[in-house]
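All of the numbers you see were taken from the coordinates with simple rules; none came from a lab. Just so you know, these numbers come straight off a predicted model, no measurement behind them. Positions of Cβ are generated from backbone atoms using ideal geometry, with glycine treated the same way; all protein chains shown enter the neighbour counts.
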Amino acid sequence: MAQFIAAVHATGATPHALALVETGMSASGATYTVRTVRSLGDSPFDEIESLLASERQYVGNTVVVTTGGQKAADALHAHGPSAAAVTLRADSSADRDAHDTTTQVLVDTFEMLYRAGAVTLPTPTDAASGALRALYQGADLDNAAPDGERDESGDLDASDASGPSAVEVEQSGSSAALSTETVKRPLDAREASAAAVAMDVRTGRIAAETNEDAPDLGEHEAPALALALAVWYGETTADDLPETDQADEINQKRANRNAARNG
């Protein structure tokens, strides 16, 4: 079943932008397919609720996260959805909780994963394109993506235009699924499956903190931060992502063999 992250950028109790991404899994780690990136208007709470109710698959399968700390999360909850609260700290030296971070870390994490091919935008909108430009211009590329597979325009290098991995594990089953390739079997005699590997490669993809001031993201700051928040939050909660059908099946086969061996 498809899983989604709805990321809101807010200041105080006011939401300003929303990004909705579908999460998946490849042999290289989590993947993110951007469904929408948008600035919010005069009725932001109504817009958020309307989007989350616009497709049946979103209902019950979407995690909401917001910048703006607990005040922003409480404001969202008062209008419907519960949200995880993230506070953007001024710099890396400030006191922090587990889900607090800096703007630079959000930006650099997104840029690292986007340039590695883990983030895709099937139909870029003006808002998404503006957010991408802002994130690229605000990123510390030496920190974020020194060896990324995308060029300065954000295009995958011609030498590797295939995206995240040649072996993808399709998770959502929706029309926006990242791949329809099947898991290649057998990879070796003892379950060295791409699906099993994918379950273990989900950490170490958050950019290091720097002491840089928050980057100026210009007029596209709100949608840029919403988009970056979605990807960063997906990485920080990667261990909570559900297993794919293929990985679940492999784990069951492993359990059955162990039971037979020990029985």
Estimated FRET transfer efficiency when R0 is 30 angstrom, pair Lys71-Asp126 (beta carbons, to 0.05): 0.50
Efficiency of FRET between Asp213 and Arg133 - r from beta-carbon atoms, R0 25 angstrom, step 0.05: 0.80
Rounded Å value of the spacing that divides the Cα centres of the stretch 116-137 and the stretch 8-60: 15
The stretch 25-127: C-alpha gyration tensor shape, a/c 1.5 cut-off, then a/b vs b/c: oblate
Per-peptide average of other Cβ atoms within 10 Å, ordering 214-221, 28-35 highest first: 28-35, 214-221
Zone residues, the stretch 3-41, relative to Glu55, backbone N less than 17 Å from point 7 Å out along Cα-to-Cβ: 3-7, 18-25, 31-38
